[in-house]
Amino acid sequence: MSYDIPFVPRRPGQTWESALDEAEGRDVLGDAVRPERLAQWERIVAALRHRLGEVDESVDRDVCEAAHQSGLIVSLYPDEASVTFPYWEREDPQAFHDVVVDVVGVLEGETGLHAWDAQTGEPFDGRVHDRTGLEAARRRMPDVELLQMDARRIPFESEFDVIGAFDVLEHVEEDREVLAEIRRAVRPDGGLVVTVPQHPWLWSASDEFGHHRRRYTRRELLAKVAAAGFEVVLVTSFMTLLLPLMAASRLADRGKGADWDPDSEVRLGARADALLERAMNAEASMLRRGVSLPAGGSLLLAGRAA
């Protein structure tokens, strides 16, 4: 599945609807690429190579194209352009998306064309919106209103009673910004519920596969939540009874390198699943009685706006 960003001419005062209608009726391969476009293309390719390293370039009568080994393809036509790149997983998807945003800026700056985000149906806003997760959620919950946004720039203020961030913060480098945005988005008496992976010493290939930025200590999470303006109401570890098994598994995985299997922890069989479920049910019973568990694979925190 690819992410497509077309670039079209748009006159001052022209609506996007009109510009897109004109683009749809235009034969992008009809005319030859003009000399001024070829000069722009040379500068675009130089900028791409500076940012990405080696790219494969081809120049034909009616289209100029550059392709990078990542799957990124940049095309320049006589009157339009496009950027296309694959959705598939990367070691650092955010860094790759930042590159895409830079490339879009180069194309707009050199050509004067305007970028349209075909995924959102809106003008490109400087962010890459991967909609695959949202589409999967909508298939599972067709009657629920679902929105996708950047947690570092939540477009709401004093809007929600409670915001839940379940295994979210560890994926974001700027976790303090996310917590501050959550505080701004909840009402003055609003609340926060958070879960995160715990214990940095448990770091393993599983965290790298999941694109985690960190595993938290309890002290670190408490400090960051308090700095964002929340008063902690409850904090406890969970996955406590399974911690010895988790630790053994994660520590054993460290020596496997390329032989590590990301599905190894979930192919345990029905009998093992039943035993582990009993352990988790016992732990849930303790948490319902207000027990705060001192250690575990994950942390649960509830707070209210201070």
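Which chymotrypsin sites (Phe, Trp or Tyr not before Pro) from the stretch 197-302 combine a DSSP loop assignment with at most 15 other Cβ atoms within 10 Å? Here the sparse-neighbourhood loop sites are Trp203.
Counting Cα-Cα pairs of the stretch 222-301 in 10 Å increments starting at 0 gives whole-percent bin shares of 15, 37, 29, 17, 2.
Placing R0 at 25 angstrom, the Cβ-Cβ distance between Arg139 and Val266 gives a FRET efficiency of 0.70 after rounding to 0.05.
Taken about its Cα centre, the stretch 149-305 carries a charge dipole of roughly 540 debye when the Cβ of each Lys and Arg holds +1 and the Cβ of each Asp and Glu holds -1. The coefficient of translational diffusion for the chain, derived via Stokes-Einstein from the alpha carbon Kirkwood radius under 25 °C and 0.890 mPa s, stands at 107 µm²/s. Wrap a convex hull around the Cα atoms of the stretch 149-305, take a quarter of its surface area, and give that in square nanometres. Directional mean of the projected Cα hull area for the stretch 149-305 stands at 10.0 nm². The trypsin sites (Lys or Arg not before Pro) found in the stretch 157-245 that occupy coil by DSSP, while having at most 16 further C-beta atoms within 10 Å, are Arg213.
Dipole orientation for the chain: of the candidates Ala248, Leu76, Leu293, Leu293 has the Cα lying most toward the positive pole (charges on Cβ; Lys, Arg +1; Asp, Glu -1). Magnitude of the charge dipole for the stretch 101-172, about its Cα centre and with charges confined to Cβ atoms of Lys, Arg (+1) and Asp, Glu (-1), is about 240 debye. Peptides 185-191, 113-119, 270-276, 16-22, ordered by how many other C-beta atoms sit within 10 Å of their residues on average, highest first, read 113-119, 185-191, 16-22, 270-276. Mean projection of the Cα convex hull over all viewing directions, computed for the stretch 2-123: 7.5 nm².
Every read-out reported here was derived from the displayed coordinates using simple, explicitly stated rules and does not represent laboratory data. These numbers come from a predicted model, not from an experiment. We place every Cβ from the backbone using ideal geometry, glycine too, and count neighbours over all the protein chains shown.
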